[in-house]
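Encoded as structure tokens, the structure appears first; notes follow it.
Nothing in this text is a laboratory measurement; each read-out follows from the coordinates by a stated rule. Computed from a prediction, not measured in an experiment: that's the story for all the values here. So basically every Cβ, Gly included, is an ideal-geometry build from the backbone, and we count neighbours across all protein chains shown.
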Amino acid sequence: QIDDRSTAIQSTAVLDINEINLLPFVDEIYPWTNDYTKQFNVKHKPHNYQLEIIRHAVNSTNTIVCLRTGAGKTYIAALLIKYHYVKKMKQSKHFLALFFVPRKAIRQQQAIALKQATNLHVEICGDEQVVQNCVVHNDIIVLTPQKICK
């Protein structure tokens, strides 16, 4: 369980990186099926509008997502993080994502959502922690932009 003291969430599922086909992220001719959702080890199959945004983000340089509250922006981000995680692991490269939140109050909420969606190692970088210490054994660090400025 994540708390504000930045306890890491540990992954329990085993993901065979070499068996993962990333083409459903790239092109709609490769369908995202329920079996693919299980293979990719994520929470649920994304909605069609989420897949459209994800594919655009994968095929573009930059993407800004503007959706109403509760429409799945965090899930879109989580799937994109997992996509880049798998891509880096297939290349035997280290992976780290920094997930910025605007306020300390939502760090835990977002960290839990990311963990549940991706099953990766997630940690909140709390007020008293040094960012470099959070990086060592985690895939995703949740923090405020002010943490980097300090």
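Before moving on, here are some points about what is shown:
- Given charges at beta-carbon only (K, R positive; D, E negative), |dipole| of the chain in Debye: 280 debye
- Computed Kirkwood radius, in angstrom, where 1/r is averaged over Cα pairs of segment 73-143: 12.3 Å
- Under the criterion of Cα pairs below 8 Å and six or more residues apart, the relative contact order for segment 63-150 equals 30 percent.
- Highest-fluctuation residue, 123, 19, 52 considered, GNM on the chain with Cα pairs under 10 Å: 19
- Summed residue charge, Cβ within 13 Å of residue 90's Cβ, Lys/Arg positive, Asp/Glu negative: +2
- Where N is the number of residues in segment 14-93, Cα Rg divided by 2.2 N^0.38 Å: 1.06
- Along its first, second and third principal axes, ordered by size, the chain spans 47, 34, 27 Å in Cα coordinates.
- Each Lys or Arg adds one and each Asp or Glu takes one away; over the other residues whose Cβ falls under 15 Å from the Cβ of residue 50, this sums to +4.
- Beta bridge orientation in the chain: antiparallel %, DSSP, nearest 5: 10 percent
- Normalised by the number of residues in the chain, the average gap of Cα pairs under 8 Å and 6 or more apart makes the relative contact order 30 percent.
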